[in-house]
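See structure below.
The values are calculated or read from the model by the stated rules, or taken from the named source; none is laboratory data. Please read all numbers here as calculations on a predicted model, not as lab measurements. We place every Cβ from the backbone using ideal geometry, glycine too, and count neighbours over all the protein chains shown. With ligands, DNA and RNA removed, areas are computed over all heavy atoms of the protein, side chains included. Shrake-Rupley method; radii C 1.70, N 1.55, O 1.52, S 1.80 Å.
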Amino acid sequence: SERTEESAPVRQVPEHVREAAGLLRGRTVALIGGVPRVDAQIRLKRDLELEELIWVETRAHQSTSPFEPVISRPEVDIVLLAIRWASHSFSEIDTLCARLEKPLVRLPRGYNPSEVARQIFAQASAKLAVAKSSE
């Protein structure tokens, strides 16, 4: 007997991820660290309802100069730093984000949407809510 394919089950997005999406909906996010993975990029963009996710690959002990043009882009609203894959020299990113008045969120445990949402709430939700209310 042939099995008929049922439609895919509706994905359940955790409440905290939906709340983070409320802060990030339609925004552009720069993610610095590691090697860009298409599947992870798709999940982050979809679950957090981003306009765009710009993922900047990093190598150990590289200069931070390649990051400045990305972070400086006017459409970039928030910067995520995957610290597991970041060099200590990347502390300059903090200074750059402060100068450009863009929230910097450090991701100590990776970049799955649930973890990113938790870190955004812990580190930048107040700044993002203020920015969202002034739009």
Output for region 20-68, where each listed residue is more than 17 Å from residue 118 (Cβ to Cβ) and of a type in the set (Lys, Arg)
25, 27, 37, 45, 46, 59
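Report yes if residue 45 is within 19 Å of residue 23 (Cβ to Cβ), open to solvent by less than 70 Å² (accessible area, probe 1.4 Å), at pLDDT 90 or above and basic (Lys, Arg), otherwise no. Steps first, answer last, please.
Working: within 19 Å of residue 23 (Cβ to Cβ): yes; open to solvent by less than 70 Å² (accessible area, probe 1.4 Å): no; at pLDDT 90 or above: yes; basic (Lys, Arg): yes.
In short, no.
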Just the residues that are farther than 12 Å from residue 77 by Cβ, β-branched (Val, Ile, Thr) and out of contact with any helix residue (DSSP H, G or I) (no Cβ under 9 Å at 6 or more places or on another chain), please, taken from region 21-56.
38, 42
Conditions: (1) surrounded by fewer than 14 Cβ atoms within 10 Å (Cβ to Cβ); (2) touching a residue at least 40 places away in the same chain (Cβ under 8 Å); (3) of a type outside the set (D, E, K, R). Residue 124 meets all but one. Number of the miss?
(1)
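I'm trying to understand the selection: among the residues of region 28-50, which are in a loop (DSSP other than H, G, I, E, B) and closer than 21 Å to residue 123 by Cβ?
Let us first name the residues in region 28-50 that are in a loop (DSSP other than H, G, I, E, B), namely 33-37, 48-50.
Matches in region 28-50: 33, 34, 48, 49, 50.
Kindly provide the set of residues from region 17-35 that are modelled with pLDDT of 90 or more and open to solvent by 50 Å² or more (accessible area, probe 1.4 Å), ordered by number. Break it down into steps so the answer makes sense when it comes.
Step one: list which residues in region 17-35 are modelled with pLDDT of 90 or more, which gives 17-32.
Correct list: 18, 19, 25.
Give 68, 75, 57 a once-over and let me know the one that is among the charged types (D, E, K, R) and at pLDDT 95 or above.
Numbers: 68 fails: at pLDDT 95 or above; 57 fails: at pLDDT 95 or above.
After applying the criteria, what remains is 75.
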Out of 109, 118, I need the residue that is open to solvent by 80 Å² or more (accessible area, probe 1.4 Å) and not in a helix (DSSP H, G or I). Which one?
109
If residue 68 satisfies every condition in (1) in contact (Cβ under 8 Å) with a residue 40 or more places away in the chain; (2) touching a helix residue (DSSP H, G or I) at 6+ places or on another chain (Cβ under 7 Å); (3) open to solvent by 50 Å² or more (accessible area, probe 1.4 Å) but one, which is the exception?
(1)
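Test residue 117 against the criterion of being modelled with pLDDT of 85 or more and touching a His at 6+ places or on another chain (Cβ under 7 Å), and give yes or no. Outline the logic, then answer.
On the way: modelled with pLDDT of 85 or more: yes; touching a His at 6+ places or on another chain (Cβ under 7 Å): yes.
When the stated conditions are applied, residue 117 passes them.
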